[in-house]
């Protein structure tokens with residue numbers, strides 16, 4: 001009986017080592033998946049927050065530039081300083097979009113950055129126009145106007161349906177036509193077709209609408225990033241749970257089989273031993289019986 005218990009203990013010990021190792025590996029893999037998912041979620045959410053904060057920072061710089069360009073001094077240096085700061089912010093946002101953990105999120109963030117770039121081009125050219133354009137700066141003004149309008153045309157088809165409709169409504173509005181007519185006249189050094197008041201009202205409508213489109217796109221990409229991060233985390237948690245459960249089930253089966261194995265082995269050993277003992281006794285009895293018959 002003591003031998004049976006000892007053998008059972010050894011078999012269970014042997015079975016416990018790989019079972020425990022399997023469970024530990026499962027826990028490690030599950031933990032790694034969850035940790036990676038948390039990092040991806042945090043990166044996506046941080047990128048969305050950074051994009052929103054940077055857009056507000058750019059809008060603040062644009063307001064400062066409009067005021068600074070009206071002040072006496074070197075307008076060229078002021079314009080360049082603000083342009084460089086905003087361009088640096090836009091470059092940083094492009095890097096964030098390229099580094100997005102999800103392809104769709106990165107794509108939508110790229111559209112948001114391109115919209116912000118177009119809004120900056122519109123505001124940059126408008127600030128120059130309000131401050132006054134000399135002959136030296138007229139070529140830069142015309143190039144800026146052409147660049148932001150081309151960018152808008154390229155981006156419009158990639159927006160959400162509601163944003164595309166908003167853009168179509170803007171392009172078809174009187175304010176867009178008036179604002180564009182002034183830009184064309186200023187680029188060609190001809191008198192604007194509308195007065196100062198109508199021009200500034202049109203500029204306000206165009207600027208606010210484009211800004212709202214950019215903000216809407218940023219919010220849309222941010223929501224995609226947050227939802228995607230949560231899906232990845234939930235998937236990782238589910239995978240980790242499934243792996244751990246499978247490892248636990250396999251380990252339980254192995255241990256159960258290990259508990260039964262010694263009993264089965266000992267039962268067969270006992271049967272073989274009984275059979276051997278009975279065979280020996282039978283042979284001995286037969287020999288004795290044979291000798292008795294011969295003596296008779």
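The values are calculated or read from the model by the stated rules, or taken from the named source; none is laboratory data. Quick caveat, the model's predicted, so the values are computed rather than measured. Note that we place each Cβ from the backbone using ideal geometry, even for glycine, and neighbour counts take in every protein chain shown.
With the checklist (1) surrounded by fewer than 16 Cβ atoms within 10 Å (Cβ to Cβ); (2) assigned to a helix (DSSP H, G or I); (3) over 37 Å from the mean Cα position of the chain (by Cα) in hand, flag the one item residue 204 doesn't pass.
(3)
Let me spell it out: the conditions are (1) closer than 30 Å to residue 197 by Cα; (2) touching a residue at least 12 places away in the same chain (Cβ under 8 Å), and residue 134 meets all of them except one. Which number is the exception?
All conditions pass for residue 134, except number (2).
Note down all Cβ pairs under 8 Å where the first residue falls in the stretch 177-188 and is in contact (Cβ under 8 Å) with a residue 12 or more places away in the chain, the second is surrounded by 15 or more Cβ atoms within 10 Å (Cβ to Cβ) and not in a helix (DSSP H, G or I), and they're at least six residues apart or on different chains.
Filtered contacts from the stretch 177-188: 178/194; 181/192; 181/194; 182/192; 182/194; 186/133; 186/192.
Among the numbered criteria (1) touching a helix residue (DSSP H, G or I) at 6+ places or on another chain (Cβ under 7 Å); (2) over 29 Å from residue 97 (Cα atoms); (3) modelled with pLDDT of 70 or more, which single criterion is violated by residue 22?
(3)
Take the stretch 72-96 and flag every residue that is surrounded by fewer than 17 Cβ atoms within 10 Å (Cβ to Cβ) and over 32 Å from the mean Cα position of the chain (by Cα).
Scanning the stretch 72-96 gives 72, 73, 74, 76, 77, 80, 81.
Only one of 145, 105 is surrounded by 19 or more Cβ atoms within 10 Å (Cβ to Cβ) and within 27 Å of residue 224 (Cα to Cα). Can you tell me which? I'd like the intermediate steps shown before the answer.
On the way: 145 fails: within 27 Å of residue 224 (Cα to Cα).
Being surrounded by 19 or more Cβ atoms within 10 Å (Cβ to Cβ) and within 27 Å of residue 224 (Cα to Cα) holds for just one of 145, 105, which is 105.
Would you confirm whether any residue within the stretch 71-84 is in a loop (DSSP other than H, G, I, E, B) and closer than 22 Å to residue 160 by Cβ? Show your work before the answer.
First pass over the stretch 71-84, keeping only residues in a loop (DSSP other than H, G, I, E, B): 71-74.
Adding the requirement that they be closer than 22 Å to residue 160 by Cβ leaves none.
Taking every residue of the stretch 71-84 in turn, none turns out to be in a loop (DSSP other than H, G, I, E, B) and closer than 22 Å to residue 160 by Cβ.
Mind checking which helices (runs of 4 or more DSSP H) fall wholly inside the stretch 97-197 and carry at least 1 residues that are touching a helix residue (DSSP H, G or I) at 6+ places or on another chain (Cβ under 8 Å), farther than 23 Å from residue 71 by Cα and at pLDDT below 90? Break it down into steps so the answer makes sense when it comes.
Details: elements: 103-131, 135-156, 161-171, 174-187.
Qualifying helices (runs of 4 or more DSSP H): 103-131.
Does residue 163 satisfy the criteria of being buried (at least 17 other Cβ atoms within 10 Å of the Cβ) and either free of Cβ contacts under 8 Å to residues at least 24 places away in the same chain or more than 17 Å from residue 126 (Cβ to Cβ) (or both)?
Working: buried (at least 17 other Cβ atoms within 10 Å of the Cβ): yes; either free of Cβ contacts under 8 Å to residues at least 24 places away in the same chain or more than 17 Å from residue 126 (Cβ to Cβ) (or both): yes.
When the stated conditions are applied, residue 163 passes them.
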